[in-house]
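Heads up, the thing below is written out as structure tokens.
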Amino acid sequence: MSIDNILMQATADAVKALYGLDFDAEKVTLQTTKKEFEGNLTVVVFPFLKASRKNPVATGQEIGEYLVNNCDAVEKFNVINGFLNIVIKPSFWASVLNHIAGDADYGFKKETPDSELVMIEYSSPNTNKPLHLGHVRNNLLGFSLSEIMKANGYKVVKTNIVNDRGIHICKSMLAWQKWGNGITPEKAGKKGDHLIGDFYVLFDKHYKEEVKQILATDAEVNAIVAEDDEKTAEARKAAAEAKSPLMREAREMLKKWEAGDKDVRATWEMMNSWVYAGFDETYKRLGVDFDKIYYESNTYLEGKEKVLEGLEKGIMYRKPDNSVWADLTADGLDHKLLLRSDGTSVYMTQDIGTAKLRYQDYPIDKMIYVVGNEQNYHFQVLSLLLDKLGFKWGKDLVHFSYGMVELPEGKMKSREGTVVDADDLMDEMIRQAKETIEAREQENAAKGKVSDFTEDEKNEIARIVGLGALKYFLLKVDPRKNMMFNPRESIDFNGNTGPFIQYTYARIQSLLRKAAPADLSADISAVEPNEKEVTLIQRLADFPSVVAEAGRTYSPALIANFVYELVKEYNQFYHDYTILGEADAQVRAFRLVLSRQVAEIARRGIGLLGIEMPQRM
């Protein structure tokens, strides 16, 4: 049993013996003792007051005395209000370390046949542009959350909904037809998603030029006058946009697509295939994947059918213009459009259709949507509608709402081509990592330390470090917060960064390679650890509760910062104490086993973020 389980069970036994109350050991509230108080772990006493019929201090005193007398792990205690602070015997910590070292799945719960099935949707790209920095944060959050939920014993299905229809897709298609001259990714020497993104930007450029020309020359548009200059300018711009021949062509193309026009559909399928190949390459480099991909072109009709079913049941209503709406005023919201007057679908309809298909495909217990916080209202509405339409998990769906990621230069805009492309970003992170590694190599050479890395090995380390820096920087922040991404800051080998954690791991691996095999298998049970070693062991012991809390609160940041605090503590220990040079064989073995477990828990924790660890640096 872990130290937490031992104390929780001993506390439950104390409550039974002292007050006759059968208390579930798993419901005992255990916390790490605050730094200002003496102790390792703290038991919250308040749940036992009704049974003890005494005040919190007296109840804590009685339970503490019972634990000292009946639990081998407890040395002494103190009571602060309703909190019982427990000091664990120094000699007991060796058995805790042995327990951690002996459990290959330490901190992780195993999936069982009865485990709930959690479906997690993330990525949700549009096929008119490549993945960008915002998508990177989305994908990393979704993938990491999936790994964390697996570690908490859930069955997990990772899904992606690709937005492959609509006016934005037609813009790229029309631009390719007009100015592409039959170009293909192979001819252009470009990834397909990049090529299509170029045409999306090109459409916007020509469209803006058209609107500008209309504003300058069209008498009818310039005759428009509103209440003030600002509203006049807005009205004239809207009228000019409505007159744009290019936009009119894009709308005509969308109508043809929805009508199943063979030529339009053939172009759409060809260009989408280029984009999908590009997406797959980016996903692979980023280290994320999916169990099932849905496409909006397949789901929007399913949603329309479900909305019409709701109309028949009186859940929705039709307006005189033939549009279909849901009245959500009784739920504190407003009226929501579901089908336009011409019968076409909106995004909400598509999400209902996707939910229908997913519910048919999988026995979903919980649905988590990883989508930015600008869609908070959308998911409030979706939850209500799915519940009204009979999806059992609808009311309890989780919108994993995260903040936007920005650059020091400001916000990104796809239409203007000012986004930070995901592939370019990964290339830049790897380049910076390589540059940093080579600089350190030169510093070591000046000190007489010669590198034995081949060029291929340095490139692979740069890949692992560069992508690790990117992932860690984006995931260490509370996902609910907006954040500023600074590539140079993320690649630092000091501080709360991925490279700092990776370097510590590689340092420990170097230590273990130099150790004698006998030291790594020696009996350490008789060693009484010092204060710094106890702190490290207790951090290791906290790993299961951190994984559980990260799953409960949907926060990869908890894992990231736990691993950082662990390796920071270890680096201080490494600086203060001798390990390989320790004369006492048992203490040396103990410190090596402790080092190995710090590395292993750091590797497993950082693995939940999708980050690799290098064996050498």
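Odds and ends about this structure:
- Test for Ala10: is it within 25 Å of Asp542 (Cβ to Cβ) and touching a helix residue (DSSP H, G or I) at 6+ places or on another chain (Cβ under 7 Å): yes
- Evaluating Val546 against the criteria (1) within 26 Å of Leu470 (Cα to Cα); (2) over 17 Å from the mean Cα position of the chain (by Cα) leaves one unmet condition, (2).
- Qualifying residues in the range 137-169 (those that are in a helix (DSSP H, G or I) and β-branched (Val, Ile, Thr)) - the one modelled with the highest pLDDT: Ile148
- Residue in the range 185-199 that is at pLDDT 95 or above, small (Gly, Ala, Ser) and touching a Ser or Thr at 6+ places or on another chain (Cβ under 7 Å) present: no
- Filtered by the rule that a residue be without any contact (Cβ under 8 Å) to a residue 60 or more places away in the chain and surrounded by fewer than 20 Cβ atoms within 10 Å (Cβ to Cβ), the range 303-320 gives Glu305, Leu308, Leu311, Glu312, Lys313, Gly314, Tyr317, Arg318, Lys319, Pro320.
- Residues satisfying the stated conditions in the range 460-502, i.e. of a type in the set (Lys, Arg) and modelled with pLDDT of 95 or more: Arg463, Lys471, Lys476
- Residues being open to solvent by less than 50 Å² (accessible area, probe 1.4 Å), outside any loop (DSSP other than H, G, I, E, B) and not aliphatic (A, V, I, L, M) are represented in the range 180-188 by at least one member.
- Restricting attention to the range 352-385, the residues that are in contact (Cβ under 8 Å) with a residue 24 or more places away in the chain, within 27 Å of His168 (Cα to Cα) and either open to solvent by less than 20 Å² (accessible area, probe 1.4 Å) or of a type in the set (Lys, Arg) (or both) total 13.
- Scope the range 481-522; condition part of a helix (DSSP H, G or I), open to solvent by less than 50 Å² (accessible area, probe 1.4 Å), within 15 Å of Ser595 (Cβ to Cβ) and of a type outside the set (Ser, Thr, Tyr); matching residues: Ile501, Ala506, Ile508, Gln509, Leu511, Leu512, Asp519, Leu520
- Count of the range 523-536 residues which are assigned to a loop (DSSP other than H, G, I, E, B) and either buried (at least 17 other Cβ atoms within 10 Å of the Cβ) or of a type in the set (S, T, N, Q) (or both): 5
- Checked against (1) farther than 30 Å from Asp365 by Cα; (2) in contact with an Asp or Glu (Cβ under 9 Å, 6 or more places away or on another chain), Asp218 meets all criteria but (2).
- Taken over the range 588-617, the criterion of being among the β-branched types (Val, Ile, Thr) and outside any helix (DSSP H, G or I) is satisfied by Ile611 alone.
- The set of residues in the range 136-169 being under 20 Å from Leu470 (Cα atoms) and either open to solvent by less than 20 Å² (accessible area, probe 1.4 Å) or without any contact (Cβ under 8 Å) to a residue 60 or more places away in the chain (or both) consists of Val136, Arg137, Asn138, Asn139, Leu140, Leu141, Gly142, Ser144, Leu145, Ser146, Ile148.
- No other residue among Val225, Val221 is buried (at least 19 other Cβ atoms within 10 Å of the Cβ), over 39 Å from the mean Cα position of the chain (by Cα) and at pLDDT below 95 apart from Val221.
- Enumeration of residues in the range 321-330 that are outside any strand (DSSP E or B), touching a residue at least 12 places away in the same chain (Cβ under 8 Å) and over 32 Å from the mean Cα position of the chain (by Cα): Asp321, Asn322, Ser323
- Residues in the range 55-92 that are surrounded by fewer than 21 Cβ atoms within 10 Å (Cβ to Cβ) and without any contact (Cβ under 8 Å) to a residue 24 or more places away in the chain: Asn55, Ala58, Gln61, Glu65, Val68, Asn69, Asp72, Glu75, Lys76, Lys89.
- Test: residue in the range 341-353 that is among the charged types (D, E, K, R) and part of a helix (DSSP H, G or I): yes
- Among the residues of the range 472-486, those that are within 12 Å of the chain's Cα centre (by Cα) and not hydrophobic (A, V, I, L, M, F, W, C) comprise Tyr472, Lys476, Asp478, Pro479, Arg480.
- The set of residues from the range 65-88 being under 19 Å from Glu36 (Cα atoms) and outside any strand (DSSP E or B) comprises Asn81, Gly82.
- Only one of the listed residues (Met404, Met426, Met484) is within 30 Å of Lys171 (Cα to Cα), touching a residue at least 60 places away in the same chain (Cβ under 8 Å) and in contact with an Asp or Glu (Cβ under 8 Å, 6 or more places away or on another chain). That residue is Met404.
- Among the residues of the range 556-567, those identified as in contact (Cβ under 8 Å) with a residue 60 or more places away in the chain and surrounded by fewer than 22 Cβ atoms within 10 Å (Cβ to Cβ) are Ala557, Asn561.
- Subset of the range 253-265 that is at pLDDT 95 or above and open to solvent by 60 Å² or more (accessible area, probe 1.4 Å) - its residue that is farthest from Trp179 (Cα to Cα): Lys262
Per-residue answers, yes or no, for (1) more than 18 Å from Met613 (Cβ to Cβ); (2) at pLDDT 85 or above; (3) surrounded by 16 or more Cβ atoms within 10 Å (Cβ to Cβ):
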residue: Lys388; (1), (2), (3): yes, yes, yes
residue: Gly394; (1), (2), (3): yes, yes, yes
residue: His399; (1), (2), (3): yes, yes, yes
residue: Ser414; (1), (2), (3): yes, no, yes
residue: Asp427; (1), (2), (3): yes, yes, no
residue: Ile430; (1), (2), (3): no, yes, yes
residue: Lys447; (1), (2), (3): yes, no, no
residue: Asp452; (1), (2), (3): yes, no, no
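- Test: Asp478 is open to solvent by 20 Å² or more (accessible area, probe 1.4 Å) and either part of a helix (DSSP H, G or I) or free of Cβ contacts under 8 Å to residues at least 60 places away in the same chain (or both): no
- Selection within the range 98-130: residues that are touching a residue at least 60 places away in the same chain (Cβ under 8 Å) and among the acidic types (Asp, Glu). The member of this set that is least open to solvent (accessible area, probe 1.4 Å) is Glu121.
- Members of the range 535-562 found to be in contact with a Phe, Trp or Tyr (Cβ under 6 Å, 6 or more places away or on another chain) and either more than 22 Å from Phe108 (Cα to Cα) or among the aromatic types (Phe, Trp, Tyr) (or both), listed by number: Tyr554
- Residues in the range 117-136 that are out of contact with any Pro (no Cβ under 7 Å at 6 or more places or on another chain) and either under 26 Å from Asn152 (Cβ atoms) or in a loop (DSSP other than H, G, I, E, B) (or both): 13 in all.
The values are calculated or read from the model by the stated rules, or taken from the named source; none is laboratory data. As the structure is a prediction and not an experimental result, all values here were calculated from the model. Positions of Cβ are generated from backbone atoms using ideal geometry, with glycine treated the same way; all protein chains shown enter the neighbour counts. Accessible surface is based on the protein model in full, side chains and every heavy atom, while ligands, DNA and RNA are left aside. Shrake-Rupley method; radii C 1.70, N 1.55, O 1.52, S 1.80 Å.
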